[in-house]
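Read through the structure below, which is laid out as structure tokens, and then see the notes.
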Amino acid sequence: MSVYLFNTLTRSKEEFIPIENGKAKIYCCGPTVYNYQHIGNLRTFLFEDILKRVLMYNGFEVTHVMNITDVGHLVSDEDEGDDKMELGASREGKTVWEIAEYYTDVFKKDLQRLNILFPDVFCKATDYINEQISMIKCLEEKGFTYKTSDGIYYDTSKFPDYGKLAKLDLEGLRAGERVEFSDEKKNPSDFSVWKFSPKDKKRQMEWDSPWGVGFPGWHIECSAMSTKFLGNHFDIHCGGIDHIPVHHTNEIAQTEACTGEKFVNYWLHGEFLNMGDVKMSKSSGDFLTLQKLIEMKYDPMHYRYFLLSAHYSTKLKFTFEALDAAKSGYDRLLTNVLKIKNSVSEIKTTENTFKEHEKFKAFINDDLNIPRGLAQLQQVISSELSNEEKLFLIYEFDKILGFGFKDAEEKPKDDIDIPSEIITLVENRIEAKKNKDYKRADEIRNELKEKGFEVIDKKDGYEIKRL
RNA sequence: GGCGUGGUACCCAAGUGGCUUAAGGGAGCAGUCUGCAAAACUGCCAUUCAUCAGUUCGAAUCUGAUCCACGCCUCCA
């Protein structure tokens, strides 16, 4: 069965045909580690996780590379403003290196909590400064760069297909009122590949280069590292949809100018998660993280389920109402799965499972239609299939959905400490129930409620819940 | 100003010419079960897809117009 993917380059769904038979080489733009990743950032990483799982499921040997941007880049694509890393460092009174390490660790932890498979390679921009310098040299030799007072710039007018990915209207860009650019830039779309350190102050991160002490431009790291690990020409490059007009456009310009080869065959982009009314912006400082959701008693799987209910290429509006719906939906699903797991000792494949399995594969291979796959899981669970058949399908589907059903177990009861006063009341209620004194039992139930507790009767005892 | 999306039930969200008189989840309602409650389970829940016109044997899906909402071009995934 073939995998079909929507390619931003052609704006159409195409069959995935790898460069090297049976192998898929993927590069994903990773985080800039100057702050926590917000839940919107994580949506993109989850989309990439699904892509990888689907390719692996189809038998491709996947090589997945993700960069960690730990170099300070300026807060504007127009090469102006402050350095994000240094800003983060001064905000927290740490060195930029400490900032980078801390937020990288948090990022990885978030991925783990969401059951996102790790890339084969995490590459830090600061570990590959030489590779970046080599690429700039290459561009310089081929005449694609020029020097200004603050750095080395890429001359986009020298690259014939510049802006192809984004269908950029360069004339419109020039006429656009909002694009300001320094007098020294030859074209509004030109961008820096190397920035000189400011003369008046010492940066925490800076390196020697043939052009003077400074630091690399934002886009060059991805060009340098992706080609280092995956070759000049590889299969898939992904990232958030916001990367289309600038970052990815510039990556293509740099890399193809330097190598003279086609850079990437398939460009895939994940849509944004929009907040109900708050914009999901990092600069505002007020943004939602996975950690915050966990503190609000959501399980990372609730968030995963929420994200999987929408296709990666459509905008998804985040609201707590929607997250609560996902929470209920996931909890019920998990309960059902556990019930099935506990009722059978083995899985079974039959003609029925074959049919369902084929259907599922068709969905996920059709540009990663996970919402459809998820719907099918629900249908299978409430179908007439035997539990052995269901369990087979649950495990298969879960290889893509990634809820970890194989390892899932009954949730341990919240070991919140219950005051002894409450326990006494509950014991009294049990006693009353034994004596068929249901009036008294209900009184106690109400009393507990007033004190903020709820008792749930179980076959062999009770469970106390804090309200 | 440029580029690009989308408007599907109470909410989230699939579907993009006939397989669909529109998946799935949540909420709600009714019922089964339980002394009650909770959980679980069963059933019900859009003849209709922003509006108008058109193409077609056939449209939520294509075309045009209109209205509305949103994203990016500033840092963003």
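Over region A:294-453, what is the relative contact order in percent, taking alpha-carbon pairs closer than 8 angstrom and at least six residues apart? Computed over region A:294-453, the figure is 22 percent.
Between A:G240 and A:G270, the built amide H atoms are under 5 Å apart, and every one of these is 5 or more places off in sequence or on another chain. Our estimate of slack between A:E14 and A:D407, defined as 0.36 nm per intervening residue step minus the Cα-Cα distance, is 137.9 nm. Averaging over all projection directions, the Cα-based convex hull of region A:365-467 occupies 10.2 nm² in the image plane. Under 5 Å from the amide H of A:F6 lie the amide H atoms of A:E14, each residue being 5 or more positions distant or on a separate chain, with H modelled from the backbone and absent for Pro and chain starts. Annotation: extensible slack from A:M296 through A:Q378 equals 26.9 nm (criterion: 0.36 nm per residue apart, minus Cα-Cα distance).
Could you tell me which of the pairs A:K108/A:K341; A:K317/A:K465; A:K348/A:K458; A:K52/A:K355; A:K108/A:K292; A:K399/A:K465 are separated by over 28 angstrom between their Cα atoms in the structure shown? As for pairs spanning more than 28 Å Cα to Cα, those are A:K108/A:K341; A:K317/A:K465; A:K348/A:K458; A:K399/A:K465. By the Cβ-Cβ criterion of under 4.7 Å, the unpaired cysteines of chain A are A:C28, A:C29, A:C123, A:C222, A:C238.
Could you give the dipole magnitude of region A:420-466 about its Cα centre, charging the beta-carbon of Lys and Arg +1 and that of Asp and Glu -1, in debye to the nearest 20?
160 debye
Residues whose amide H lies under 5 Å from that of A:T63, counting only those 5 or more places away or on a different chain, are A:A24, A:K25, A:I26; hydrogens are built 1.01 Å from N in the peptide plane. Relative contact order of region A:4-270, taken over Cα pairs closer than 8 Å and 6 or more residues apart, is 24 percent. Pairs of C-alpha atoms in region A:4-270 farther apart than 30 Å represent 27 percent of all such pairs.
Quarter the surface of the alpha carbon convex hull of region A:420-466 and you get the mean projected area, 2.9 square nanometres. Rounded to the nearest 10 degrees, the inclination of helix A:96-113 to the longest alpha-carbon principal axis of chain A is 40 degrees. In this Cβ point-charge picture (+1 for Lys and Arg, -1 for Asp and Glu), region A:317-401 has a dipole of about 160 debye about its Cα centre.
Using a simple spin-label model with pseudo-atoms 7 Å out from Cα toward Cβ, A:S90 and A:K202 lie 1.6 nm apart. With 21 Å as the cut-off, how large is the P(r) tail for region A:317-401, expressed as percent of Cα-Cα pairs? Value for region A:317-401: 32 percent of Cα pairs lie more than 21 Å apart. Solvent-accessible surface (1.4 Å probe) assigned to A:V246 amounts to roughly 50 Å². Extent of region A:13-151 along its three principal axes (Cα atoms, max minus min coordinate, largest first): 50, 42, 26 Å. Using a probe radius of 1.4 angstrom, the carbon and sulfur fraction of the accessible surface of chain A is 48%. In the full protein context, chain A carries 49 Å² of accessible surface per residue, based on a 1.4 Å probe and ignoring ligands, DNA and RNA.
The lysines whose alpha-carbon is closer than 28 Å to the alpha-carbon of A:K186, local same-chain residues fewer than 8 away aside, are A:K84, A:K137, A:K142, A:K147, A:K158, A:K164, A:K167, A:K195, A:K199, A:K201, A:K262. Here is the P(r) of chain A: all C-alpha pair distances, binned every 20 Å from 0, give 21, 47, 24, 8, 1 in whole percents.
The values are calculated or read from the model by the stated rules, or taken from the named source; none is laboratory data. Remember, predicted model here, so these are calculated numbers, not experimental data. Counting neighbours? That spans all protein chains shown, and the Cβs are built from the backbone with ideal geometry, glycine included. What goes into the accessible areas is simple: the full protein's heavy atoms, side chains included, and nothing from ligands, DNA or RNA. Shrake-Rupley method; radii C 1.70, N 1.55, O 1.52, S 1.80 Å.
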